[in-house]
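The values are calculated or read from the model by the stated rules, or taken from the named source; none is laboratory data. No experiment lies behind these values; they were computed from the predicted model shown. Positions of Cβ are backbone-derived with ideal geometry, glycine not excepted, and every protein chain shown enters the neighbour counts. We work out accessible area using only protein heavy atoms, side chains counted, and drop any ligands, DNA or RNA first. Shrake-Rupley method; radii C 1.70, N 1.55, O 1.52, S 1.80 Å.
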Amino acid sequence: MWTQERWAALAVLSIILLLSKVVAPIEVPLDPKIQEELKQPPTIVKQSLKDYIVDPRDNIIIECEAKGKPVPTFQWRRNGKFFNVGKDPRVIMRSRSGTLEIRSSGKSEDYEGEYQCLATNEFGTAISNKILLRVSKSPLWPKEVLEPVVVREGESLVLPCNPPPGLPPPETFWMDSFIMPIPQDKRVSMGLNGDLFFSNVLAKDATTDYSCTARFEFTHTIQQKNPYTLKVTTTRNIPETQPTFLSPKGLSSSKIVLRGEQLLLECIAAGVPTPTIDWFKRGADLPSTKVKIENFSKTLRIFNVSEEDSGDYTCMASNKIGSIRHSVEVQVKAAPYWLDKPTNLVLAPEENGRLVCRARGNPKPTIEWLVDGEPIESSVPNPNRQVLGDTILFHSVQIGSSSVYQCNASNEHGYLLANAFVNILDLAPRMLGPKNQLIKVIENNRTLLDCPFFGSPFPLLRWFKNGLGSGLDGGQYKVYHNGTLEIKQARPEDQGTYTCVASNILGKMENQVRLEVKEPTRIVRAPEHVTQPKGSMVRFHCRVKHDPSLPATVTWLKDDKPLSFSWIGRFKKDEESLTIHNVNPEDGGTYTCTAKTEIDEDSASARLTVTVCCSLPGRPDPPQDLELSDPSARSVRLTWVPGNENNSPVTHFLVQFEEDRWEPGKWQNLSIFDGDLNSVNLQLSPFVNYQFRVIAINAVGQSQPSLASARYQTSGASPDVVPSGLKGWGSKKSNMEITWQNTERNGPNLRYVVSWRRKDTEEEWDSITTTRTKHIIHNTDTYVPYEIKIQAVNDFGHSPESNIVIGYSGEDKPGAPKYFRIQRHTDVVHLKWDKPLEPNGLLIGYTLQYHTVNGTQVGERKVKSFPANVTEYIMNLPNRFTRFKFYLAARTQVGAGEVYAVESPHFTNEAPNVKIWNLTVDANNDYANVSWKHNFSVDSSEFVLEFTLDSKSQMHLSRAYKGTLDFTGPAGDPNHPLQEDIATQGWFIGLMCAVALLVLILLIVCFIKRSRGGKYPVTEKKDLSLDAVDHKDQDGSFDYHSDEDNKPLQGSQTSLDGNVKESDDSLVDYGEGGDGQFNEDGSFIGQYTVKKDKEETEGNESSEATSPVNVIYSLA
């Protein structure tokens, strides 16, 4: 359950939230008509000081002035009670004012007391501060007989003053019997209380009398105390003594000072030799800007004390014998001072508002609210008002509730009082500006149409053009809160009558402004620089174009002074020019033409140089009499007297500087200025000891430099520019170099604080301070991002910290690409890859090398480069059967990395349109001629023959044939006939028959020999191989025959381990990956033998008729 206190707190919070959107208070304009018509509560505008001390010989004037509508009436309170001015004949109140005038008549003390003024009209009462009136007093010094003061030489002495208590306290000083001030020094001085202190007395101190004198400011009187007579007992040797304090006493003390006042601390010590005083503050330096050490270091003065001046202050008195310290604890208190002073509030009926009164002090002030001079608690209850501490909230205010509120903030050290009225105002809209105003503006210029207005509630204002359409706002129009209409760029079509209408619930009011848009005034033919000899005529042109409805006047000036014209003078002007007859050297100077209308103007200038007869133009003489003025922290004004131009006008002045701290003796260019200037403001850098010189420049050349100016020292400052060009990069794979550019020094000991850490980590920043513009970080990982920042520092402070930049440690060669894939199509090869998993740096591209592969033959290597964002490449094939080997490597700045090598696949199943046809076999007894036609690539194709010895035997494989086949017709064209086969020629058939007959005879001889019992060894048979006679006929046929008629069409093969391996003559073995193998050049590895029975060791073998063979092919 919520307690009653919680519900109350919730209610207060709700009201605060409700009123958080308080309507802005109405600002009453200072227009005399409104001020005369507007009714408002009284406001105090003038009053006397809170602590008011008067001279008893003068009349007493207590001021109180107030304004309001109706005019306020005044009354006074004295010591908290009503003061009836009319009953005292010595007191009068000025007419239409609350100021009191009291005739003194020698009895001013009768009117001492506390006064308060009240100004009242029908809307409320304003009150003044409580004015404490006191009469100045200057009492006489009491009569007393002073005995002579006897003191031993070397001892300390204090002569008390004790002036009579005056109001205000008198100013004291010490004089001798001759009415001359007592000389004061480190040994003898006057304290803050007026006493005269001797740190040690010397014999010479007895030569005069000492009299304390008091001066009373208000009465302008001086009173003198009876003098002291000093007698000093001398001694031969004055003993040296350790310091002791005469004021203040002891080792510690305390002091309270109010904020804004002066703090005075004093330490006076005795001792021989005379002690020296030094001041310190515990834990901090003395604030040099507002601390002053006075009275021979015995007094510490701090002006305008603030809270940070509180703390422990120590004075140390020391001589060669020893030292002593005294600590003063300073507490800074504060009378109330404003944080938010309440201000007048003007509201319309039913509006919300608030008064805020916030003050600070030490101790914390209490806030008290009054209404019309009475405590708010005892005032008439107002349901539309709620007091919340230092704030009064008003909601839905009503007519008749206007009042003057007072806020009193007070503590033990003083008080503040502020009046703020709340005026509930209902007023129909009023137009405050002139009616039916005509505004003329220049085309394309920004234009403001004013429509000042007032009303309560605050009126809504709208603008219309020519009385038509909706309100103007948006686009090139903008309406401000004060009623002003802005036209961002006036055009001819914007001409017309603009009407502003202000309206609220009490009515509306309107005003009109007529706008005319005019053409700008321009000088279309400007005067030009002229150099003419003495006695000639000079003409300066000045043709002007302006709006026809605006009359324009043209004036001429020479060196910024108006020219005078007369009908007998040498200067003549017409509408478009100025003519000077019989020019002489005094006519030289700058001539300015100014064309002016009522709303704008334009001007142009030219320079006239008059040459003396027979003299040629030369370099100008150097400027003279350089002077510096208007010094500031970073600028100074430089003025000079131009030298002789020597018949050629000066076009520019070059200002150079030299400084004696960083590059002494070196003159550097600072700025260049137009030739018609001789006084310029120079922008300077901090902590530089400048001197300047000026060089004049004309068409001939530069003058000699002027004499140097006096030196000008700019004050130091912390660096105000962040070092530029900050970057991080690796010069090696295990480091990162951080570099930047120098910034302006602005002070001594310029250095840089460089910080870095690895990016995307929570590591602490590493930093280093250096005077160089480069720092190297060693032992880094390869190509790692780092966050880097920098700050310039000198003895005056530091610059802003730079933005964080990203740098990288050194790069290395990259790893291999993540993948490298090849997709082969009919006429192209499509290469794809991806960036390396370990780029080791910023990839700058890829290098692709490739060459053709044709068996063991390797083609010429070619190279292509790609940018880093390219990860694929399509390469056209010279023909579809060409094979390539590719080598791909990524590149960084360090170089190319690991290579990824791949080889293009065989073009087998990808070539459906290639084939072999017209296979023919011309078989004889010991050989067969096999021929065919094809459309395979000539450069990269080879053919393998499969055959059987009979239809029931397994397939045998011939050796592979590779190479180029010579065709008389184009390869691959099945419709083009090849050259006629040689096997069909008659001469060839006859030759073959003769060879067959010879073979038959040999067979018969062998048969006879065998029939007689002869045998052949097995090894001999194994050594007999199939002799393939490769006749590369142009028709693509091959001839196979044996050297002996009894050798079958087969052979034996030696395996890789040296054993004899017999062929199974199986097509499956050769077509499906049996023991037959191909070399890299595509040739088949293997020899073939005839199947034999394992038990047969010898016997006859007769050849069988060769049957047709099947042909298979493979592609390289």
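Restricting the calculation to Cα atoms, region 259-309 shows an Rg/Rh of 1.02 when the hydrodynamic-style radius is the Kirkwood one.
What full-extension length gain, to one decimal in nm, is calculated for D58 and S715 as 0.36 nm per residue of separation minus the Cα-Cα distance?
On the way: separation 657, 0.36 × 657 = 236.52 nm, distance 5.20 nm.
Between D58 and S715, full extension yields an extra 231.3 nm.
Estimated from the Cβ-Cβ distance and a Förster radius of 35 angstrom, the FRET efficiency linking Q437 and K545 is about 0.80. The value for region 354-418 of Rg(Cα) / (2.2 N^0.38 Å) is 1.18. Relative to one another, the C-alpha centroids of region 314-348 and region 779-841 are positioned 60 Å apart. Could you tell me which of the pairs K290/K666; K231/K298; K666/K727; K67/K478; K137/K225 are separated by over 29 angstrom between their Cα atoms in the structure shown? Pairs exceeding the cut-off: K290/K666; K666/K727; K67/K478. Overall size of region 491-539 from C-alpha positions, given as principal axis extents largest first: 79, 21, 12 Å. Taking other residues whose beta carbon is less than 11 angstrom from the beta carbon of T531, and scoring Lys, Arg as +1 and Asp, Glu as -1, yields -1. With both labels modelled 7 Å from their Cα along Cα-to-Cβ, the S95 to E27 distance reads 3.8 nm.
Using a 1.4 Å probe on the protein chains only, how many percent of the accessible area of region 343-493 belongs to carbon and sulfur? Of the solvent-accessible surface of region 343-493, carbon and sulfur hold 49 percent. Taking the Cα centre of each part, how many Å lie between region 869-885 and region 628-698? Using only Cα atoms to place each centre, the spacing works out to 70 Å. Under a cut-off of 25 Å between alpha-carbon atoms, report the lysines in cross-link reach of K835, not counting same-chain residues fewer than 8 places apart. Straight-line reach from K835, under 25 Å: K732, K733, K759, K813, K818, K862, K864, K885. The peptide list 806-817, 583-594, put in order of mean Cβ contacts within 10 Å with the highest first, becomes 806-817, 583-594. Size check on region 218-257: the Cα extents along the three principal axes, sorted descending, read 50, 35, 10 Å.
Centroid-to-centroid, using Cα positions, region 524-588 and region 391-468 are 54 Å apart. I need the Kirkwood Rh of region 676-823: take the reciprocal of the average 1/r across all distinct C-alpha pairs and report it in angstrom. Radius from the Kirkwood sum: 19.1 Å. For a 25 Å ceiling on Cα separation, which of these pairs sit above it: K435/K596; K249/K292; K46/K81; K488/K561? Where the Cα-Cα span goes over 25 Å, the pairs concerned are K435/K596; K488/K561. With protein chains left intact and a 1.4 Å probe, residues in region 56-173 average 54 Å² of accessible area per residue. Between the residues V188, T219, L133, the greatest Cα displacement towards the positive end of the dipole of region 121-227, with unit charges on the Cβ of Lys, Arg, Asp and Glu, is found for L133.
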